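**Q** One structure is given below, represented as structure tokens, and several questions about it will come after.
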Amino acid sequence: MIHLIHWCYLLYWKSGDGDIKKILSFMDWGIFALRLYHYILLLSQFFTESELSNRTLLNFIWLMMALIIPMIFWFPQRRMNKVWFCILELLLGGSYYVNSVFDPDLTSKADYLLPSLTMGYLLTKQTFWIIPAVTLIPFTFQSFLRLPWEQTLSIGADNLLFCFIGLWVSLIAKAYYQKDELVAEVEQQNKLLTHYADEIEKMTLLEERNRMSKELHDTLGHSFISLIMSLDASIALLDRKPTEVKGRLIRLRALAEQNLDEMRNIVHEMGEEEESNLTRQVEALAVSFREYTGTVLTLSLFGTEQPMRFEVRQTILRVIQESFTNALKHGKASQLHLELRFSKSNLQLLIQNNGKPIENNLEYGFGLTTMKHRVERLGGRLFVSPKVGNAAITEVSCEIPLKGLMLHGEN
């Protein structure tokens with residue numbers, strides 16, 4: 001059996017992250033099989049007896065109870081109440097073990113090593129008292145059998161050793177399980193970082209495009225106007241020149257006017273292209289978030305989007321990103337719902353997640369504080385609170401006015 005446990009340890013050490021759950025399941029079933037073997041071996045000895053007395057039948061029922069009742073509370077991958085399993089295993093199996101020592105007519109005698117191994121494997125903080133209990137079991141019959149102290153200590157040490165072997169296997173399994181969880185969390189954080197790096201790049205390009213639009217309008221526009229004015233003056237001065245020169249200047253002026261119109265059209269199109277539409281930006285953000293994180297995300301849009309300032313769109317997108325990040329990083333959420341409502345007077349945003357519940361008096365971190373200030377600068381409000389109901393839901397709600405919007409501090 002020691003070789004079996006050593007082989008399982010090597011299997012853990014060499015297994016990849018994808019095999020961890022299979023190995024954990026294998027370990028549960030392996031320990032379960034060893035315990036089952038212990039009790040089946042004891043039960044089989046009853047069938048070798050020629051006579052079946054009432055006392056023998058009572059012992060048979062006692063042993064069956066020791067086998068079956070603890071399994072009500074622990075069965076691999078179905079029931080996991082380890083505390084009650086250990087208590088019942090010690091009360092029923094341990095008492096039967098002591099009884100088998102006292103009963104001279106009972107042939108189904110065995111040591112208590114495999115049950116000690118099982119209890120050590122399932123040991124928790126609430127059942128740590130099991131360790132001294134299995135060690136002291138031999139002392140209950142030491143004086144009755146007049147065993148030497150060395151032999152009694154040897155039996156107790158064997159029970160203790162097997163209990164620690166089970167505990168050691170459990171700690172290895174728990175360490176690899178935590179490692180598997182940590183690897184999964186790191187992968188999720190990497191996906192989030194990749195996702196938000198892409199989003200930051202998109203928003204940076206959008207901000208730069210918005211700045212360039214204004215620069216084109218303010219610089220090239222004035223340049224074209226100056227060119228037209230210069231051409232007008234040239235046309236007036238060249239009235240005395242040949243008709244051919246005048247015609248060329250007239251055509252040049254017409255070309256300059258045409259270029260000015262085209263430039264204005266380009267600037268107008270840049271300001272009205274798809275990425276300036278908040279609805280499309282939110283939909284693209286949701287699709288990208290699902291793809292990068294694998295999180296279940298539902299999106300609901302109500303009303304018709306109204307023309308709004310660039311700062312409003314950017315603020316809403318930042319609030320969504322910060323809420324998504326907090327839901328996955330701090331709340332460990334697996335489901336999110338995003339709701340956006342448009343009206344003529346305001347814009348309402350609601351984000352819900354099923355992550356870890358938050359406190360009513362939540363203290364805002366740096367990210368949420370920054371978002372709150374940005375929303376308030378636009379005359380809006382931002383709230384983060386738990387939702388009352390059967391399931392634990394965290395809500396982030398935001399409302400920004402659209403009519404008569406003026407940034408705080410603007411004249």
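The values are calculated or read from the model by the stated rules, or taken from the named source; none is laboratory data. Please read these numbers as outputs of a predicted model, since none were measured by experiment. Here Cβ is always computed from backbone atoms with ideal geometry, including for glycine, and neighbour counts include all displayed protein chains. Please note that ligands, DNA and RNA were not included when accessible areas were found on the heavy atoms of the full protein model with its side chains. Shrake-Rupley method; radii C 1.70, N 1.55, O 1.52, S 1.80 Å.
**Q** Using beta carbons and a limit of 6 Å, which pairs, at least six apart or on different chains, have the first residue in segment 9-36 and open to solvent by 50 Å² or more (accessible area, probe 1.4 Å) and the second one β-branched (Val, Ile, Thr) and modelled with pLDDT of 85 or more?
**A** Taking only residues 6 or more apart or on different chains, not a single pair turns up.
**Q** Let me ask you something else. Of Leu117, Leu167, Leu91, Leu122, which residue is surrounded by 18 or more Cβ atoms within 10 Å (Cβ to Cβ) and under 29 Å from Thr56 (Cα atoms)?
**A** It is Leu117.
**Q** Out of the residues in segment 125-160 that are open to solvent by 20 Å² or more (accessible area, probe 1.4 Å) and outside any helix (DSSP H, G or I), which is nearest to Lys82 (Cα to Cα)?
**A** Checked segment 125-160; the qualifying residue nearest to Lys82 (Cα to Cα) is Phe128.
**Q** Could you list, in sequence order, the residues of segment 103-123 that are small (Gly, Ala, Ser) and at pLDDT below 85?
**A** Once the filter is applied, which keeps residues that are small (Gly, Ala, Ser) and at pLDDT below 85, segment 103-123 yields Ser108, Ala110.
**Q** In segment 267-284, which residue that is at pLDDT 60 or above and more than 13 Å from Leu340 (Cα to Cα) is surrounded by the fewest Cβ atoms within 10 Å (Cβ to Cβ)?
**A** His268
**Q** Conditions first: (1) in contact (Cβ under 8 Å) with a residue 40 or more places away in the chain; (2) open to solvent by 70 Å² or more (accessible area, probe 1.4 Å). Asp180 passes all but one, so which condition is the exception?
**A** (2)
**Q** Pull out all pairs, ordered by first then second residue, where Cβ-Cβ is under 8 Å, the residues are six or more apart or on different chains, the first lies in segment 79-101 and is of a type in the set (Asp, Glu), and the second is open to solvent by less than 60 Å² (accessible area, probe 1.4 Å).
**A** Glu89/Ala66; Glu89/Pro70; Glu89/Pro115; Glu89/Thr118; Glu89/Met119
**Q** Sticking with this structure for a sec: What number of residues within segment 351-380 satisfy the criterion of being open to solvent by 60 Å² or more (accessible area, probe 1.4 Å) and closer than 13 Å to Ala327 by Cβ?
**A** Going through segment 351-380 one residue at a time, the tally reaches 2.
**Q** Find the residue count for segment 43-56, including only residues that are part of a helix (DSSP H, G or I) and either open to solvent by 80 Å² or more (accessible area, probe 1.4 Å) or at pLDDT 90 or above (or both).
**A** 4
**Q** Would you please list the contacts, defined by Cβ atoms under 7 Å and residues six or more apart or on different chains, that run from a residue in segment 281-292 that is on the phi < 0 side of the Ramachandran plot to a residue that is open to solvent by less than 60 Å² (accessible area, probe 1.4 Å) and outside any helix (DSSP H, G or I)?
**A** Hits for this filter: Val282/Leu340; Glu283/Leu299; Ala286/Leu297; Ala286/Leu299; Ala286/Leu338; Phe289/Thr295; Phe289/Leu297; Arg290/Leu297.
**Q** Regarding Glu359, is this residue acidic (Asp, Glu) and either closer than 19 Å to Asn277 by Cβ or part of a helix (DSSP H, G or I) (or both)?
**A** Taking the combined requirement at face value, the residue does not satisfy it.
Yes/no per residue for (1) part of a strand (DSSP E or B); (2) at pLDDT below 85; (3) crowded, with 20+ Cβ neighbours inside 10 Å:
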site: Leu299; (1), (2), (3): yes, no, no
site: Thr304; (1), (2), (3): no, no, no
site: Ile320; (1), (2), (3): no, no, yes
site: Ser323; (1), (2), (3): no, no, yes
site: Asn326; (1), (2), (3): no, yes, yes
site: Arg341; (1), (2), (3): yes, no, no
site: Leu349; (1), (2), (3): yes, no, yes
